[in-house]
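J.: For reference, the structure I am asking about is given below.
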Amino acid sequence: MSIRICGVSRRFGAFQALSGVDLQVPSGSLTALLGPSGSGKTTLLRIIAGLESADSGRVLFDDRDVTDLAARERGVGFVFQHYVLFRHMTVAENIAFGLRVRKAPAFEVTSRVQELLHLVRLEGLGQRLPAELSGGQRQRVALARALAVRPQMLLLDEPFGALDARVRQELRGWLRRLHQEMHVTTVFVTHDQEEAFEMADQVVVMNQGRIEQTGSPQEVFDHPATSFVMDFLGNVNVFHGRVTAGRLEAGPLNMEYSGYTRDEPRNATAYVRPHELELDRQPGQGLLQATVLQLTPAGSLVRIRLLAEGYGVELNVDMVRERAEQLQLCCGERVSVRPKTARIFMPEPEYVI
Amino acid sequence: MCADSEFEFGSLGGVFGEHGVEIATRESQECAGCDCAYCDVRQFVGDEIGFTEEFPLSEECESEICSVNAFAEDFDLSLSDDEELVSVFTFADEFVSEGDGFWSESVCHSGDDGSGSVRSVRATADPLWVRVLLIGSALTVTVVLILVPLVYVFVQAFSAGVGEWWSQLTADPDTRHSIFLTFSVVPAAVLANTVFGIAAAWTLTRFQFRGRLLLLTLLDLPFAVSPVVAGLCILLIYGAQGWLSPLLKSAGIQVVFAWPGLVLATTFVTLPFVARELIPLMESLGADEELAAVSLGAGPWQLFWRVTLPNIRWGLLFGVIQCHARAIGEFGAVKVVSVLTLMALATLAAAWGLEHWALRRVEQVDQVEQGG
């Protein structure tokens, strides 16, 4: 079932949680709503589920307008960040809840519960109470409970946020496989870009109640639409400066920029990812000179912190191990830095009337 | 080693709740495995009781020395320079009751000689006079204010024998009527307040609306208002000259001086109990489980019976018990709306008497006139 959001806004007192959000989630996709806290991603998810109402705008499931439909009639499975299992019910009763309130026959309930316990690999734990389970197990029960009623879509609010790193990693892979088997349209909220990129087919980056960019993980990472997306997705070196007649001058960074050819200068910010900076020992024409401050081996990469003395700017560079061994850098050495590429964003000029 | 220095070891012990500590003076540190008193204690602890596991106190590090140091800090064991905390251990269950005895015995054993630097450490003990004063005053108040009057009630009730008590209880129509009223008014009031309390707690914790705080405050009003005043208000509103009397009269309902009035008064006085018990509970539970139930397709009633009620059941039970106790004990408000019945009867009787007397006077006058 596909989801369409048209111009949804929501305000909590003085706080504008969502302002005019439009979004299309294709049927059967796995979509991540990614953004910092307060960006409105959870509010949007709850509006889709019907647990929160929108001030304006429409929500459509497969062209059917469900804006005014109560949550319990939307047929949506919702998984909360902190599991929210019914604490007085056993695991099996929790999973059976959705079926029982729909007055499903007892034999069907029993077989479906067994099926789901098997699916979430919790066979034999059906008679436990939620308090007797670990965090990862509870989250799997919450998932089984949401799936029991065969929802047409699954919404997950920071599903792995409260779990430790290893369990989170494991559950991500598991959920991804589960999605491939079942093809239920799934939307999940996360503030962890790694999680979003690892799991989702479609990433929706949100900020301050607006959608900054929608696209595949590759697209969003390689072609960030706005400076926020660039900044939010991973480490980046930021250079503030200006562009004039096809050239960018931003502190230590000085390069051609064909995107702006007019003569009057305009403020611009250049973003260069750490792996997009190349180091060399030979000083070259127009290259930036910097001193190595710190070398940190991190797996297959070496993270290097540099100081461009002339500008008092610190730079982060990621380099593959082989290259670092080849260069044999050490702290305090002077190197020249060459950006392979840079992404330049110009804020809208502020017109004074 | 220490074979000839049996009493030179400072073996100190203490009991902290379920934990025991072992403190040794520094020179005894090298002693291990000989048969001196200090080693005996260790041996006994290890072999006989079998609770040598260290109590993990420090979260950062679980090594023995960290947990021992953290313990010393937590319990503010002030150790002198030549003393060292050797270990901390948790007592096995069967040992806790005897813990004090064991330790004082071992401490005394090495302390008898006077040569060992023996010290008994108890972190939880207040001075004796504080304990005596606090426990004594609590007991005094309980006995004087509660126990003595309670016992006296029973003594008086049975002073003329159980048979007399029973016949008073069953034969006297007034007593029978009072008991009947208690057993009919109280359940009605408690039921009304249970329903109201759940509804109020739900409203106040699940919805945000204008006047929410005002409602929350008004809920406590029955605690502040004197029951007699409450009764009077009911009298003034529902009584013969009250605001609602024309309406009630036309409907043929009597409120004041009747069963409905008693229920009203009792309900008013016991109003806050259930709601006050449930509001903090429901606030701490939050609405998440209810939202989860809604997203799974539960209707309002299913939501209440299957999710909310099981979660609040103990709080609700406690509120109902409190409400019940207060309802049975309530007298002030009930007195105003019921005991006045007697006064009203007296007034009626007086009026009837006067009329009768006046009538007879008129007849007498007539007779005199006829006779004259």
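The values are calculated or read from the model by the stated rules, or taken from the named source; none is laboratory data. The structure presented is a predicted model; accordingly, all values stated were derived computationally and were not measured. Every residue, glycine among them, receives a Cβ derived from its backbone with ideal geometry; neighbour counts consider all protein chains shown. Each accessible area value is taken on the protein alone, full model and side chains, heavy atoms only, with ligands, DNA and RNA left out. Shrake-Rupley method; radii C 1.70, N 1.55, O 1.52, S 1.80 Å.
J.: For the subset of the range B:303-318 comprising residues that are without any contact (Cβ under 8 Å) to a residue 24 or more places away in the chain and facing chain A (nearest Cβ under 9 Å), which member is nearest to B:GLY197 (Cα to Cα)?
T.: Filtering the range B:303-318 for residues that are without any contact (Cβ under 8 Å) to a residue 24 or more places away in the chain and facing chain A (nearest Cβ under 9 Å), the one nearest to B:GLY197 (Cα to Cα) comes out as B:ARG313.
J.: Within the range A:113-126, identify whether any single residue is of a type in the set (D, E, K, R), over 26 Å from the mean Cα position of the chain (by Cα) and closer than 25 Å to A:GLU195 by Cβ, and answer yes or no.
T.: Yes, the range A:113-126 contains at least one residue that is of a type in the set (D, E, K, R), over 26 Å from the mean Cα position of the chain (by Cα) and closer than 25 Å to A:GLU195 by Cβ.
J.: Spot the failing condition for A:ARG4; the list is (1) more than 14 Å from chain B (Cβ to nearest Cβ); (2) of a type in the set (Lys, Arg); (3) open to solvent by less than 40 Å² (accessible area, probe 1.4 Å), and only one is missed.
T.: (3)
J.: Got a sec? Which of B:LEU218, B:LEU236 is open to solvent by 10 Å² or more (accessible area, probe 1.4 Å), more than 14 Å from chain A (Cβ to nearest Cβ), under 31 Å from the mean Cα position of the chain (by Cα) and of a type in the set (A, V, I, L, M)?
T.: That would be B:LEU218, the only listed residue that is open to solvent by 10 Å² or more (accessible area, probe 1.4 Å), more than 14 Å from chain A (Cβ to nearest Cβ), under 31 Å from the mean Cα position of the chain (by Cα) and of a type in the set (A, V, I, L, M).
J.: Could you grab the pairs with beta carbons closer than 6 Å, sequence gap of 6+ or different chains, first residue in the range B:270-299 and within 13 Å of another protein chain (Cβ to nearest Cβ) and of a type in the set (Asp, Glu), second one open to solvent by 10 Å² or more (accessible area, probe 1.4 Å) and assigned to a helix (DSSP H, G or I)?
T.: Partner pairs satisfying both residue conditions: B:GLU290/B:LEU303.
J.: Answer with yes or no whether B:ALA293 is open to solvent by less than 40 Å² (accessible area, probe 1.4 Å) and at pLDDT 90 or above.
T.: When the stated conditions are applied, B:ALA293 passes them.
J.: Among the listed residues A:GLY173, A:GLY161, which satisfies the condition of being free of Cβ contacts under 8 Å to residues at least 60 places away in the same chain and open to solvent by 10 Å² or more (accessible area, probe 1.4 Å)?
T.: A:GLY173 is the lone residue from the list that is free of Cβ contacts under 8 Å to residues at least 60 places away in the same chain and open to solvent by 10 Å² or more (accessible area, probe 1.4 Å).
J.: Right, next: Among the helices (runs of 4 or more DSSP H) confined wholly to the range B:79-171, which include 2 or more residues that are at pLDDT 50 or above and among the aliphatic types (A, V, I, L, M)?
T.: Fully inside the range B:79-171 and qualifying: B:128-142, B:148-157, B:162-171.
J.: Consider the range A:105-118. How many of its residues are within 14 Å of chain B (Cβ to nearest Cβ) and more than 13 Å from A:ARG150 (Cα to Cα)?
T.: The total comes to 0.
J.: Which condition breaks for B:ALA224 when tested against (1) loosely packed, with under 15 Cβ neighbours inside 10 Å; (2) farther than 27 Å from B:LEU317 by Cβ?
T.: Just one mismatch for B:ALA224, condition (2).
J.: Restricting attention to the range A:246-260, which residues are small (Gly, Ala, Ser) and either open to solvent by less than 50 Å² (accessible area, probe 1.4 Å) or within 30 Å of the chain's Cα centre (by Cα) (or both)?
T.: Across the range A:246-260, the qualifying residues are A:GLY246, A:ALA250, A:GLY251, A:GLY259.
J.: May I pose another question? With (1) touching a residue at least 60 places away in the same chain (Cβ under 8 Å); (2) closer than 30 Å to B:ALA287 by Cβ; (3) more than 22 Å from the chain's Cα centre (by Cα) as the list, and B:ALA201 as the residue in question, which single condition is left unmet?
T.: The failed condition is (3).
J.: While we're looking at this one, here's another question. For the range A:68-77, state whether one or more residues are more than 14 Å from chain B (Cβ to nearest Cβ), farther than 23 Å from B:PRO300 by Cβ, of a type outside the set (S, T, N, Q) and open to solvent by 20 Å² or more (accessible area, probe 1.4 Å).
T.: no
J.: Being open to solvent by 60 Å² or more (accessible area, probe 1.4 Å), not in a helix (DSSP H, G or I) and not acidic (Asp, Glu): is that true of A:GLN127 here?
T.: yes
J.: Filter the range A:279-288 down to the residues that are surrounded by 15 or more Cβ atoms within 10 Å (Cβ to Cβ) and either outside any loop (DSSP other than H, G, I, E, B) or modelled with pLDDT of 85 or more (or both) and list them by number.
T.: Of everything in the range A:279-288, those that are surrounded by 15 or more Cβ atoms within 10 Å (Cβ to Cβ) and either outside any loop (DSSP other than H, G, I, E, B) or modelled with pLDDT of 85 or more (or both) turn out to be A:LEU279, A:LEU288.
J.: State yes or no: is B:LEU264 closer than 30 Å to B:LEU215 by Cβ, surrounded by 14 or more Cβ atoms within 10 Å (Cβ to Cβ), within 14 Å of chain A (Cβ to nearest Cβ) and modelled with pLDDT of 75 or more?
T.: Spelling it out, it is not the case that B:LEU264 is closer than 30 Å to B:LEU215 by Cβ, surrounded by 14 or more Cβ atoms within 10 Å (Cβ to Cβ), within 14 Å of chain A (Cβ to nearest Cβ) and modelled with pLDDT of 75 or more.
J.: Mind telling me which of the residues A:ARG100, A:ARG87 ends up being part of a helix (DSSP H, G or I), within 9 Å of chain B (Cβ to nearest Cβ), over 21 Å from A:ASP22 (Cα atoms) and out of contact with any Leu (no Cβ under 6 Å at 6 or more places or on another chain)?
T.: On inspection, the qualifying residue turns out to be A:ARG100.
J.: Scan the range A:50-62 and report the pairs whose first residue is within 14 Å of another protein chain (Cβ to nearest Cβ) and whose second residue is open to solvent by less than 20 Å² (accessible area, probe 1.4 Å) and small (Gly, Ala, Ser), with Cβ atoms within less than 6 Å and a gap of 6+ or a chain change.
T.: A:GLY50/A:ALA71; A:LEU51/A:ALA71
J.: Identify all residues within the range A:82-126 that are at positive phi and free of Cβ contacts under 8 Å to residues at least 40 places away in the same chain; write none if there are none.
T.: Listed by number, the residues that qualify are A:LYS103, A:ARG121, A:GLY124.
J.: Which of (1) open to solvent by less than 10 Å² (accessible area, probe 1.4 Å); (2) under 21 Å from B:VAL190 (Cβ atoms); (3) more than 14 Å from every other protein chain (Cβ to nearest Cβ) is the odd one out, the single condition B:TRP259 does not satisfy?
T.: Here B:TRP259 clears every test but (1).
J.: Search the range A:11-64 for residues being closer than 18 Å to A:GLU212 by Cα and of a type in the set (Val, Ile, Thr), and hand back the single one that is most open to solvent (accessible area, probe 1.4 Å).
T.: Step by step, filter the range A:11-64, then rank; the result is A:THR42.
J.: Answer with yes or no whether B:ALA189 is over 19 Å from B:ARG313 (Cβ atoms), in a helix (DSSP H, G or I) and under 24 Å from the mean Cα position of the chain (by Cα).
T.: yes
J.: Please go through the range B:216-259 and give me each residue that is in contact with a Phe, Trp or Tyr (Cβ under 8 Å, 6 or more places away or on another chain) and either modelled with pLDDT under 85 or β-branched (Val, Ile, Thr) (or both), ordered by number.
T.: If the condition is that a residue be in contact with a Phe, Trp or Tyr (Cβ under 8 Å, 6 or more places away or on another chain) and either modelled with pLDDT under 85 or β-branched (Val, Ile, Thr) (or both), then B:PRO227, B:ALA230, B:ILE234, B:LEU236, B:ILE237, B:LEU244, B:SER245, B:LEU248, B:VAL255, B:VAL256 are the ones that fit.
Let's see how each residue does on (1) without any contact (Cβ under 8 Å) to a residue 40 or more places away in the chain; (2) open to solvent by less than 50 Å² (accessible area, probe 1.4 Å); (3) more than 22 Å from the chain's Cα centre (by Cα):
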residue: B:LEU150; (1), (2), (3): yes, no, no
residue: B:PHE154; (1), (2), (3): yes, no, yes
residue: B:GLY161; (1), (2), (3): yes, yes, yes
residue: B:TRP166; (1), (2), (3): yes, no, yes
residue: B:PHE183; (1), (2), (3): yes, no, yes
residue: B:ASN193; (1), (2), (3): no, yes, no
residue: B:GLY197; (1), (2), (3): no, yes, no
residue: B:THR205; (1), (2), (3): no, yes, yes
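J.: Here's something else I'd like to know. Could you identify the single residue in A:THR31, A:THR43 that is in a strand (DSSP E or B) and under 18 Å from the mean Cα position of the chain (by Cα)?
T.: After ruling out the rest, the residue left standing is A:THR31.
For every residue, the table says whether it meets (1) closer than 28 Å to B:ALA292 by Cβ; (2) modelled with pLDDT of 90 or more; (3) of a type in the set (Gly, Ala, Ser); (4) open to solvent by 10 Å² or more (accessible area, probe 1.4 Å).
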site	(1), (2), (3), (4)
A:VAL141	yes, yes, no, no
A:MET182	yes, no, no, yes
A:GLU194	yes, no, no, yes
A:MET199	yes, no, no, no
